[in-house]
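These notes are about the structure you will find just below.
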Amino acid sequence: MDAAEQDLDAKLYKASGTLLEEIKHKLPLLIYHTNRSPRTHRLFVLDPKCQELSLLLDRFQEWPQLLDHHLSDLVQLLANAFVDYLTTSSEHYSPTRRSSYSGILPLPRAICRLLYSFCKVRGYKVIVRLLNNEPKYLGLMLASFKAWSTASLRMTWEERYVMLLWLSHLMLAPFELASMSLGNAYADVTMPDVLSGLPTTVENVISLALGQLESSGKEREAASVLLVRLSLRNDMQAHDLASKLVAFASRGLLLDEDLLKTSPYKSHGLLALLYGITNASSDSEAAPFIEKLFTDVLKLATSKQKSHTTVRDSAPARKWILKIMRVVVTHAISLNATRHTVADETLTMMLEESIQYFLDALNDKDTPVRMAAAKALSLITLRLENAMSREVVEAILGSLEESVLLEDLQTQELIPLTDKTKSSTVGLKRNISAVDPLKWHGLMLTLGHLVFRRSPPPDILPEIIQAMILGLEFEQRSNVGTSVGVGVRDAACFGLWALARKYSTTELGLVHVSNFAEAALDEYADCKNVLQLIAIKLTISACFDPSGNIRRGSSAALQELIGRHPDTIMHGIPVVQIVDYHAVARLSRAMIEVAPQAAALDRIYQRPILQAMIGWRGARATDLNQRRWAASAVGILTRSSAAEDVLSLLNVILRQLSEMRTANIGSTAAARHGLLLIMMSALESAAQCHGGAMTSWFQKQGQSLFTFSQLTGKMDGRMTADLELVMEGISALVGSICRSLQLIGVDKTVLQQDWTSSALDILNQCTVAGTKDAVVETSSKAYLDMFKLLPSPTAVALVEKWLDINNQPLSAFTSKGRIRTLSLIHAHLAGAGLYLNLQQAITAYTIGIVKGNFSIETRIDAMGALSVILLNSDISTPSDALRISDVLCCGLNDYTNDQRGDIGSTLRLQSIETLDAFRNHVDLNRFSDDVLPAVMPFVAKLAAEKLNSVRFRAWKCLEGYWKTNPGLPTMQCTFDYPADVSSISYFQQLLELFPIKDFQQQLLLGLVSSTTSGTEDVCRAASNAFLSYMQLLDNDRRNDLAKAAASIILRQLDENATQDDRQVVILLDFLCFLMDQNLLLNDSWDIWAIMQKIQGPTSSLQRIEAALNCYSRLLSIDEYRARAMDKLTRQLLHRWPKVRNDAADLLYFEFSNSTLASFDWNAPVTKTKPIVLELRKQLGIAGVATPK
């Protein structure tokens, strides 16, 4: 199929042409002076430019083949520039030149960084072949490497890595190294005794490479490649260099007590060298040293000597040991078969020791080690004779049976697998709860590799398939509840994919499905061949596995199985099309959409999928959402299932719930939650589709179903997250029972009469104690369903009891679930036109909580409930309209603060949501129309306030009202994104409402909040918008609005002078803003009297600072100048130094008196007083009586 537009591979393919052109254009510009003739290379390049090219190359990691057409030209351009630099400009690679340029790299460093990027994207083996291999550069490369790899020049690891790889490429020179001149690259080097007697050139190369084997970076890998390439040259084989290097590395690993003290990575380098030489050597080249090497490596792998165990503590070291043993044994098998240079006894010993070591390594704690052991076992098994190969496979299968238990599906009794004969295990389910997941991962990987290489004979395929199916369903959890079975299932997917690919339909057809435990299960009764069984298992895994890799891997294996074995699997092509690789990528879609579609194909898929829903990937899943998705999927599946299948499922769930432990903790609570949800979904769906069967089932199973205490376990004790899960499940189940009974019309008299009282008790506990949204929602809906089912007098009496605060604790009266339940009941009664008085009582209850002295969370819940009430009721009187207006205004004006900050903002947001719900109500009448004009000014205030989230939500509400109200000015702009409501244009749009009397005060108060206490951007935008709006008006209109603004601010200051600083300080700051812009036009308010009320002896520092700013502005008004000057100079004697300094600064700005600037106002007041008296004389206010 075509790739999706959002597929990264498709995007890269489309953009690759442009990216390659950009690389081809920028790379020469980076390396060469293009404006010179002839073109010369640069000595230094800019680091950002080099990094830019490196990032462009990194984008090809997902599709490296796109580079191939241009790879040769690009790499050779870099290689030619590098050798030119070595030839003509290597002396410029100096610390002086380099340190004098910040952010500038020497050219070789930039080239090596880019070459490493090519190696990272395309692989070093491809890139190295494109490098220059002229022998004349060998000496130059060695000399440069030694000169640059000093501490002062700080040669980078990319340079060392690329140059070592380049040196390995130069080892392909067709001339003997002894005859090649290195020029000035010769140096006296000290070689180990085992490596003595070599040509000087070779000694220099080996010395250089051995020094890098201790490195912690990629250069260690390159040094190993260089030594391997050197040792396998024809002229070096005459010196037996390979054997010498093997002996040197083995001696260092076994005898060097200080190996890890020098460098913890030296052992890795030596092991990589041993593997590289042994793996690259032919059988004849490796023959001289493989026996000794095997003995040494086996000693290193098994010895208890401290230095050896320290080496083995590293996972990479253990991995190298496995790889070395693998290639050594492979060489030994070939030599024994062809040249008989390895004795049979020696080979037998090597095989026994290595295979046992590989089997033990399958249990290693590190995944790379287990993977290396699995691959080694499979490769060696492939080369063995059939009898011995069979023994290895049987040993692996035997290991898979260790700690496996057999579970009787009827009695749940667990029996060790080893206590039963093979024939007696048929029909018993294998329980793997006691096995080691790490060992199973290694064993499953080994099986996968063996099958991929067709090592196992077809007659033992039943055991292998049984093991792989078991691995596909493997799941264990750690002590903290996380899954540790993903690796096992991933390996099983690979094994089943390889099985489908490597074995024919005929071979697999010989495997009888009766050999499997599933044959005894009813849901697999229609499965007649093993291929069909594997297809069902892969379908279940692809739809339900919690790991995305496993789902996609199962889908790929299923596609391989159906494609390789046509006409053997029912509805094969449709299954592949439905269980598509991309369709199962998202778990919710795989469970809710893909699984029902696959089940709809045939009953052979439907029954196993339905049964899998109550397993660990469905009802018992670790993830909360996965359990909910399983319940949704069951609701879809049971609509098309046979009645007997649904009833069987319900009976199984009932039995499992009754057998669970009563304590609701951990996995028990999670499983109970999932089972209850699935039972809820199955009940309701079955009631819709199989009414008759469900009627008899209710009559038969009513005793078990209605014993809720048996289904829920212990519900007492403190509230926990686990207990809330059970509350959600049981609430959903009770609601489903009520709806099902109404659907099938069962005569309630034939059922247990007291089940409703126990159900009400359960629901009451859930609604009162539950706090999570899921619990509140499910319990309130279940209560509504119960309300519909109860006799009318009983239901009404129950609600009236809830509304009486005297008959219950306050926590129950104001609980979130109770509030939500009453709102739903009100909606039901309003829709049916019943019990008007009860409706009014519920409305009064909700309004009372919003306006009452309750916690902010409770009031938010009540406001949310009010939105449900308003959506389902009519306002028929002016008093109703007034009540609604009051409660909405109360919520819109809540500015409650606590240690969390402005927590009232959440209530304001919920009030806006409630208002929007009311405004969009289709049944608005003339009384309802009285509500909106009363509350919309407060929404305008919120649309102008400082909080971004509140401002945007309020704007969307105001925008909807504005568009539909012809009495308001024409709206010029709309703002659809949160970032838009912080702009100047937004506030200018809001100010179009400022001339309207109803909006004037509230809009200005909101603007005060943004102008004085918002973020810097909001403050700037709001103040600039207000100023530009006023400036664009004609003089008369500007004066009118300025007077109105001043009057509003001064009135608010007068009325709130004694209120909290949060209300007063912002008003004072805005008053200063008005005076700064000459917009304080006032003829009716005494500003001085207001200021005296604001500032008192006990005022806070923040309030005093704001008042001082106002006094400094009043200096410019003749009426207040003397009094303001007197006030400011008196503040020079304030007890707080900060106030004295602020007063001095403000006075200095006005009078520029040198005393104000030079005196230390932090000095004690006793020293300050004479200065202040003298200053007052200079300013002409000493002894002058100023009016108060």
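Tabulated results
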read-out: Residue within segment 904-919 that is part of a loop (DSSP other than H, G, I, E, B), modelled with pLDDT under 95 and not hydroxyl-bearing (Ser, Thr, Tyr) present; value: no
read-out: Some residue of segment 530-541 being out of contact with any Leu (no Cβ under 7 Å at 6 or more places or on another chain) and either farther than 20 Å from residue 605 by Cβ or of a type in the set (Gly, Ala, Ser) (or both); value: no
read-out: The lone exception for residue 149 - which of (1) surrounded by fewer than 16 Cβ atoms within 10 Å (Cβ to Cβ); (2) free of Cβ contacts under 8 Å to residues at least 24 places away in the same chain; (3) under 24 Å from residue 200 (Cβ atoms) it fails; value: (1)
read-out: Positions within segment 844-875 being in a helix (DSSP H, G or I), farther than 17 Å from residue 780 by Cβ and open to solvent by less than 30 Å² (accessible area, probe 1.4 Å), in sequence order; value: 847, 850, 856, 859, 870
read-out: Residue count for segment 531-585, restricted to those that are within 17 Å of residue 451 (Cβ to Cβ), basic (Lys, Arg) and buried (at least 21 other Cβ atoms within 10 Å of the Cβ); value: 1
read-out: Where a residue in segment 457-471 is under 15 Å from residue 541 (Cβ atoms) and its partner, wherever it lies, is of a type in the set (Lys, Arg) and at pLDDT below 90, with Cβ under 8 Å and at least six apart; value: 470/430
read-out: Selected residue (only one of 113, 97, 109 is at pLDDT below 90 and not hydrophobic (A, V, I, L, M, F, W, C)); value: 97
read-out: Some residue of segment 336-344 being surrounded by 15 or more Cβ atoms within 10 Å (Cβ to Cβ) and not in a loop (DSSP other than H, G, I, E, B); value: yes
read-out: Residue in segment 221-242 that is open to solvent by 50 Å² or more (accessible area, probe 1.4 Å) and under 44 Å from the mean Cα position of the chain (by Cα) present; value: yes
read-out: Where a residue in segment 477-495 is in contact (Cβ under 8 Å) with a residue 12 or more places away in the chain and its partner, wherever it lies, is open to solvent by 50 Å² or more (accessible area, probe 1.4 Å) and small (Gly, Ala, Ser), with Cβ under 9 Å and at least six apart; value: 477/483; 477/667; 481/667
read-out: Residue that is surrounded by the most Cβ atoms within 10 Å (Cβ to Cβ), among those in segment 833-843 that are without any contact (Cβ under 8 Å) to a residue 24 or more places away in the chain, over 11 Å from residue 800 (Cα atoms) and of a type outside the set (A, V, I, L, M, F, W, C); value: 840
read-out: The lone exception for residue 480 - which of (1) assigned to a helix (DSSP H, G or I); (2) modelled with pLDDT under 95; (3) not basic (Lys, Arg) it fails; value: (1)
read-out: Residue within segment 412-419 that is assigned to a helix (DSSP H, G or I) and either surrounded by fewer than 16 Cβ atoms within 10 Å (Cβ to Cβ) or at pLDDT 90 or above (or both) present; value: yes
read-out: Residue in segment 509-530 that is in contact with a strand residue (DSSP E or B) (Cβ under 8 Å, 6 or more places away or on another chain), crowded, with 18+ Cβ neighbours inside 10 Å and either in contact (Cβ under 8 Å) with a residue 12 or more places away in the chain or part of a helix (DSSP H, G or I) (or both) present; value: yes
read-out: Tally of residues being open to solvent by less than 10 Å² (accessible area, probe 1.4 Å) and either of a type in the set (A, V, I, L, M, F, W, C) or on the phi > 0 side of the Ramachandran plot (or both) across segment 436-459; value: 6
read-out: Options 771, 756, 749: the member that is under 30 Å from residue 861 (Cα atoms), more than 35 Å from the chain's Cα centre (by Cα), open to solvent by 20 Å² or more (accessible area, probe 1.4 Å) and modelled with pLDDT under 90; value: 756
read-out: From the options 194, 246, residue that is within 25 Å of residue 295 (Cα to Cα), of a type in the set (Val, Ile, Thr) and surrounded by fewer than 17 Cβ atoms within 10 Å (Cβ to Cβ); value: 194
read-out: Those residues of segment 26-83 which are open to solvent by 60 Å² or more (accessible area, probe 1.4 Å) and either assigned to a strand (DSSP E or B) or among the β-branched types (Val, Ile, Thr) (or both), in sequence order; value: 34, 46
read-out: Checking residue 644 against (1) of a type outside the set (Val, Ile, Thr); (2) over 30 Å from residue 718 (Cβ atoms); (3) crowded, with 17+ Cβ neighbours inside 10 Å, the condition it does not meet; value: (3)
read-out: Residue count, segment 1109-1142 (criterion: of a type in the set (A, V, I, L, M), under 56 Å from the mean Cα position of the chain (by Cα) and either loosely packed, with under 15 Cβ neighbours inside 10 Å or modelled with pLDDT under 90 (or both)); value: 0
read-out: Count of residues meeting criterion [buried (at least 16 other Cβ atoms within 10 Å of the Cβ) and farther than 14 Å from residue 205 by Cβ] in segment 133-143; value: 1
read-out: Matching residues in segment 800-830 - criterion: being open to solvent by 70 Å² or more (accessible area, probe 1.4 Å), in a helix (DSSP H, G or I) and either on the phi > 0 side of the Ramachandran plot or not acidic (Asp, Glu) (or both); value: 801, 805, 806, 807, 810, 811
read-out: Segments classed as helices (runs of 4 or more DSSP H), wholly inside segment 1115-1188, with at least 1 members that are closer than 22 Å to residue 1097 by Cα and either among the polar types (S, T, N, Q) or in contact with a strand residue (DSSP E or B) (Cβ under 9 Å, 6 or more places away or on another chain) (or both); value: 1118-1130, 1137-1151, 1165-1179
read-out: Long-range neighbours under 8 Å by Cβ, at least six apart or interchain, first residue under 10 Å from residue 1133 (Cα atoms) within segment 1160-1173, second of a type in the set (D, E, K, R) and open to solvent by less than 20 Å² (accessible area, probe 1.4 Å); value: 1161/1140; 1168/1140
read-out: Residue match in segment 706-723 (condition: open to solvent by 10 Å² or more (accessible area, probe 1.4 Å), touching a Leu at 6+ places or on another chain (Cβ under 9 Å) and of a type in the set (Val, Ile, Thr)); value: no
read-out: Residue check, residue 699 under 19 Å from residue 760 (Cβ atoms) and either over 34 Å from the mean Cα position of the chain (by Cα) or without any contact (Cβ under 8 Å) to a residue 24 or more places away in the chain (or both); value: no
read-out: Some residue of segment 947-959 being in contact with a Lys or Arg (Cβ under 8 Å, 6 or more places away or on another chain), buried (at least 17 other Cβ atoms within 10 Å of the Cβ), in contact (Cβ under 8 Å) with a residue 24 or more places away in the chain and of a type in the set (Val, Ile, Thr); value: yes
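The values are calculated or read from the model by the stated rules, or taken from the named source; none is laboratory data. No experiment lies behind these values; they were computed from the predicted model shown. Because the Cβ atoms are built from the backbone with ideal geometry, glycine has one as well, and the counts that use them run over all protein chains shown. To get the accessible areas, we keep the full protein, side chains included, count just its heavy atoms, and leave off ligands, DNA and RNA. Shrake-Rupley method; radii C 1.70, N 1.55, O 1.52, S 1.80 Å.
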